[in-house]
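Chemist: Quick one: the structure is below, and I'll ask about it shortly.
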Number of protein chains: 2
Amino acid sequence: MPYSSFASMPCTLSRPAALLGERWTLLLLRQIFLGTRRFEDFQATMDISRSVLTDRLNVLLQENVLKRVPYHEDGRTRHEYRLTEKGRDLYPVLMALRTWGEKWMAPDEEESFHLHHRDCGGGVRAKVECTECAAELTARDVEVTARQ
Amino acid sequence: MPYSSFASMPCTLSRPAALLGERWTLLLLRQIFLGTRRFEDFQATMDISRSVLTDRLNVLLQENVLKRVPYHEDGRTRHEYRLTEKGRDLYPVLMALRTWGEKWMAPDEEESFHLHHRDCGGGVRAKVECTECAAELTARDVEVTARQ
DNA sequence: TAGCTGAGTTCGAAAATCGAACGCAAGGGA
DNA sequence: TCCCTTGCGTTCGATTTTCGAACTCAGCTA
């Protein structure tokens, strides 16, 4: 059972975990959510090797997390990488990481960027809630039942 | 700027992303949240190589996500790996992955396990909300402001 | 004394990553 | 036309990680 086999397990947690658990993938998604869209910009801001960047972008394209969109600049047609709806839906994952980072890894309350709700200016946080009673849940509030 | 340097950037998103973005780490946390606690059990259920398992456990110990807790069995003292409070706080990250996986990667609505709220039996989902007005937020509702 | 078990460690082979150079297509300017 | 630049990759040899199987070691047990 190599690492890659988790990507095809019938488990809705292990499959995303295997996909996003590849080196660079989470950092790449962070950069995308921050607005980076072009190969050169990823390479420059993350200092990832070009071959690995190519590979990770291709995996995310294949998984339909990203799409290539043509754009025009200086009369030339080029392509940029943008989130699909599936990709945009990863926002809670990134925000959960950030919420955790703010609580447990804040270096000196220095942030490299701020986030706030456009409508009211409030902060942003991830949470887990019950789909029925809307209570906020922790691991202790949840029971795990194995299938079969 | 090698991969490891993201682990020390002053950014509360890139630091967790670099930590959990190492191969096997997310899958290891999944296994831990499902109740696995011993070296042999991780090795058996994940089929990870023993040396990498040792390394990942040590990183999580160092980051204070896990702790080693002694226990007795057959009159012998051994140790098991358990989540700290910091580790338990990663629950929203895993649940965000699962919520995404359920929506976008459900193989055939087969789950390897079910989750439900102990109190009311409801389902579990991750979401992002505003700390002020409590509205549910997507990436489009949030403005990013770079520091300096 | 010898054997078993859980928890690692060691080490040579295989795979992934790195970094620097190369390839290439689409303009632009001469 | 020829040459230069740009963005976006590809290639390749060197380095780093990971793999898998064997080995170690401590604490019991027989």
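Chemist: Which of the lysines could be linked to A:K127 by a straight reach, that is with a Cα gap under 22 Å, when you skip same-chain ones fewer than 8 residues away?
Modeler: Leaving aside lysines fewer than 8 places away in the same chain, those within reach of A:K127 are A:K86, A:K103, B:K86, B:K103, B:K127.
Chemist: Using modelled amide H (1.01 Å from N, peptide plane; none on Pro or chain starts), what sits under 5 Å from the amide H of B:E63, excluding residues fewer than 5 places away?
Modeler: Hits under the 5 Å cutoff: none.
Chemist: Next up: Apply the Karplus parameterisation 6.51 cos²θ - 1.76 cosθ + 1.60, with θ equal to phi minus 60°, to every residue of the range A:120-126 and state each ³J(HN,Hα) to the nearest whole Hz, in sequence, with x for glycine and proline.
Modeler: Values, residue by residue: 10, x, x, x, 10, 8, 8 Hz.
Chemist: Mind checking which of B:E102, B:E85, B:E129 has the largest fluctuation in a GNM of chain B, springs on alpha carbons under 10 Å?
Modeler: Largest GNM mean-square fluctuation: B:E129.
Chemist: Take every residue in peptide B:22-28, count the Cβ atoms of other chains within 10 Å of its Cβ, and give the average of those counts.
Modeler: 5
Chemist: Please report the relative contact order for the range B:7-107, taking Cα pairs under 8 Å with a sequence separation of at least 6, and give it as a percent rounded to a whole number.
Modeler: 18 percent
Chemist: Now for a separate question. Given springs between every Cα pair under 10 Å in a Gaussian network model of chain B, which of B:Y71, B:Y81, B:Y91 has the largest fluctuation?
Modeler: Largest GNM mean-square fluctuation: B:Y71.
Chemist: Another question, if that's okay. Arrange the following residues from fewest to most other Cβ atoms within 10 Å of their Cβ: B:V142, A:V69.
Modeler: Lowest count first: A:V69, B:V142.
Chemist: By count of other Cβ within 10 Å, fewest leading, how are A:T36, A:T99 ordered?
Modeler: A:T36, A:T99
Chemist: Another question about this same structure. Grab the beta carbon distance between A:A135 and B:N58, set R0 = 45 Å, and tell me the FRET efficiency rounded to 0.05.
Modeler: Rounded to the nearest 0.05, the efficiency is 0.80.
Chemist: Sticking with this one: Where does chain A land at 222 nm, in deg cm²/dmol rounded to the nearest 500, when only DSSP H runs of n ≥ 4 count, each adding -39500 (n - 2.57), divided by all residues?
Modeler: Value at 222 nm, helices only, nearest 500: -10500 deg cm²/dmol.
Chemist: Taking the Cβ of each residue in A:E111, B:E136 as the centre, tally the other Cβ atoms inside 10 Å and list the residues starting with the fewest.
Modeler: Result, fewest neighbours first: B:E136, A:E111.
Chemist: Moving on. Output the 0 to 90 degree angle, nearest 10, between the alpha-carbon long axis of helix B:50-62 and the longest principal axis computed from the alpha carbons of chain B.
Modeler: 60 degrees
All of the numbers you see were taken from the coordinates with simple rules; none came from a lab. As the structure is a computational prediction, the values presented were derived from the model and not from experiment. All Cβ positions, glycine included, derive from the backbone under ideal geometry; neighbour counts span all protein chains shown.
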